[in-house]
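Quick notes on the structure that follows.
The values are calculated or read from the model by the stated rules, or taken from the named source; none is laboratory data. If you're wondering where the values come from, they're calculated on a predicted model, not measured in any experiment. Cβ sites come from the backbone with ideal geometry, for glycine too, and all protein chains shown count toward neighbours. For the accessible areas, the whole protein counts, side chains as well, though only heavy atoms, and no ligand, DNA or RNA atoms are used. Shrake-Rupley method; radii C 1.70, N 1.55, O 1.52, S 1.80 Å.
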Amino acid sequence: MVAISQPIQAGTGQVRPFLPTGVDCGAGLIKVCIGSNGSQMRLRQPSKVLELKSPLIEELTSKEGGHFFYHSGDRPDLIDREFLTGELAAWKAPATHIKLSDDPALKAEYALHAILGALATLPHRQEWGLFIVISTHSRDLFSAKLKELTNGTHVVSFGGKEKPSTRVKISVGSVTPEGAGSYTYAKRLNLIEPSAHVIGFDFGTSTTIPQVFAPNGKLIHHQPLEVGGCIDLLEAIASDPELIKHLGTGKSGSIELIRKAVESGDFTYGNRGFIIRPIYARLIKSWLADRLRLALKAIEEWRDSAQSFVAWGGGTEMPGIQKMLGTQNITTVPDGSWANAIGMQTIAAALLARRN
């Protein structure tokens, strides 16, 4: 997880008001956006969870992964159980950790774990109060379960059973359809015309999703494409003959090392000094063209009435994507990977202000 902005100071034991929080529980990455006193913290981690059955040999820490022990609270099924999330889960058990991308139901079941894992990376405080707006691809199916498993008070220790305890109070204010936060964020930035249909293209880690919003913002079409998201491109690079030849093992490259090479912008694969930029440049155009063709076909009946075409999701932050989308008159939303979480934090702040 990456914290952006100043961390909230350690607690003094006083009861604090709820903080407006947006949670984007994606198949590839979970992003948490917490607002406080005009500042904002952004925390992210891979969508992975592992229950610890035996003590760690040494304490694990990462900006993109957390560790917590559940003492007591409104999840009695978790009492006296210990978990790793994000990178820590992948480090400890590369082959056997739970990936939330395996089943949509897992997002509801493990949303609380992800939120607690995010808080585990921040400076200790005795109490947190989070007023949460969270998104899900299947709101009708999972909204009630998500609220049931996440709401309430949870007493945990971050970093292990013997560490100081923290009381985490969570109130789920709303469960929104996927993309509602991104729409809110784009509207706030004046990138859309809300009085007409809006077409959104969500380029995520595991999925590519064309979305249609009716005038004034209600989601009316949301259907993931049969092809996947960024992971398809990373896998294509990993299995490219040029990279396999350089590695000299006869095996595909590491998806994680490729992801880091692309995100860094220097395209250097691990510590080998091998530059994957030519492979990326060769594959990115066909990857995007295939998805745009299918996405535009899916939203064809609304295309003429729409006045705004926007794109968001982590895929929009890959080098070259913004320019290529621009040639199709599609506007890329800044901070595309965070758009949904930021927008939901904005919704949470508005709901909380109305409630207070």
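Among 86, 204, 253, the residue with the largest mean-square fluctuation in a Gaussian network model of the chain, with springs joining Cα atoms closer than 10 Å, is 253. Taking the alpha-carbon centroid of each part, what is the distance from region 38-53 to region 246-312 in angstrom? Between the Cα centre of region 38-53 and that of region 246-312, the gap is 24 Å. Within the straight-line cut-off of under 15 Å between alpha carbons, the aspartates and glutamates reachable from residue 251 are 235, 240, 242, sequence neighbours fewer than 8 places apart in one chain being disregarded.
Cα extents for region 126-194 along the principal axes, largest to smallest and rounded to whole angstrom: 53, 29, 17. Here region 37-181 is described by how far its Cα atoms reach on the three principal axes: 42, 37, 31 Å, from widest to narrowest. When 80, 202 are compared by accessible area of protein heavy atoms, the largest-first order is 80, 202, using a 1.4 Å probe.
By the compact-protein rule of thumb, 2.2 N^0.38 Å, the alpha-carbon radius of gyration of region 208-266 corresponds to a ratio of 1.67. For region 91-154, a/c is not less than 1.5, where a ≥ b ≥ c are the root eigenvalues of the C-alpha gyration tensor, and a/b does not top b/c. That puts it in the oblate class. With helices as the sole contributors, the chain gives -9500 deg cm²/dmol at 222 nm; each DSSP H run of n ≥ 4 counts as -39500 (n - 2.57), and the sum is divided by every residue.
Surface analysis of region 34-141 yields an accessible area of 43 Å² per residue, using protein heavy atoms and a 1.4 Å probe.
Residues whose amide H falls under 5 Å from that of residue 127, counting only those 5 or more places apart or on a different chain, are 11, 13, 167, with hydrogens built in the peptide plane.
Karplus-derived 3J(HN,Hα) values for region 292-309, using 6.51 cos²θ - 1.76 cosθ + 1.60 with θ = phi - 60°, are 5, 4, 5, 5, 5, 5, 5, 10, 3, 5, 9, 4, 6, 8, 7, 10, 9, 10 Hz; glycine and proline are entered as x.
Cα convex hull, region 64-103: 94 Å³ per residue, rounded to a whole number.
Entry comment: accessible area of region 194-246 is 41 Å² per residue, from protein heavy atoms only and a probe of 1.4 Å. For the chain, the fraction of alpha-carbon pairs lying more than 32 Å apart is 33 percent, rounded to a whole number. Exposed loop positions in the chain were taken to be GluC sites (Glu not before Pro) whose DSSP state is not H, G, I, E or B and which have at most 15 other beta-carbon atoms within 10 angstrom. Between these positions, the longest stretch is 227-356. With Cα atoms as the point set, region 216-344 shows a radius of gyration and Dmax of 16.7, 55 Å. Residue 92 contributes about 90 Å² of solvent-accessible surface, heavy atoms of the protein only, 1.4 Å probe. Taking amide H positions as modeled 1.01 Å from N, with prolines and chain starts lacking one, the residues under 5 Å from residue 159 and 5 or more places away or on another chain are 67, 68, 69.
Taking the protein heavy atoms of region 8-150 in the context of the full set of protein chains, the accessible area attributed to carbon and sulfur is 51 percent at 1.4 Å. Each residue of region 339-356 was assigned a 3J(HN,Hα) from its phi angle through the Karplus expression (A = 6.51, B = -1.76, C = 1.60, θ = phi - 60°), giving 3, 5, 5, 5, x, 5, 5, 5, 4, 4, 5, 5, 5, 5, 5, 5, 5, 7 Hz with x at Gly and Pro.
Let me cross-check residue 71: its accessible surface, 1.4 Å probe, with only protein heavy atoms counted, in Å² to the nearest 10? Residue 71 has an accessible surface of roughly 60 Å² with all protein chains in place. For region 161-233, the normalised intensity computed at q = 0.18, 0.20, 0.22 Å⁻¹ comes to -0.77, -0.87, -0.97 (log10 of I(q)/I(0), Debye sum over alpha carbons, equal scatterers, no solvent). Our coupling estimate for region 211-221, obtained by passing each phi through the Karplus curve with A = 6.51, B = -1.76, C = 1.60 and θ = phi - 60°, is 10, 10, 10, 6, x, 6, x, 7, 6, 10, 8 Hz, Gly and Pro reported as x.
Subtracting the Cα-Cα distance of residue 54 and residue 80 from 0.36 nm times their residue separation leaves 8.1 nm of extension gain. Cross-link pairs exceeding 18 Å between alpha carbons, from the set 245/285; 48/285; 48/92; 107/187: 245/285; 48/285; 107/187.
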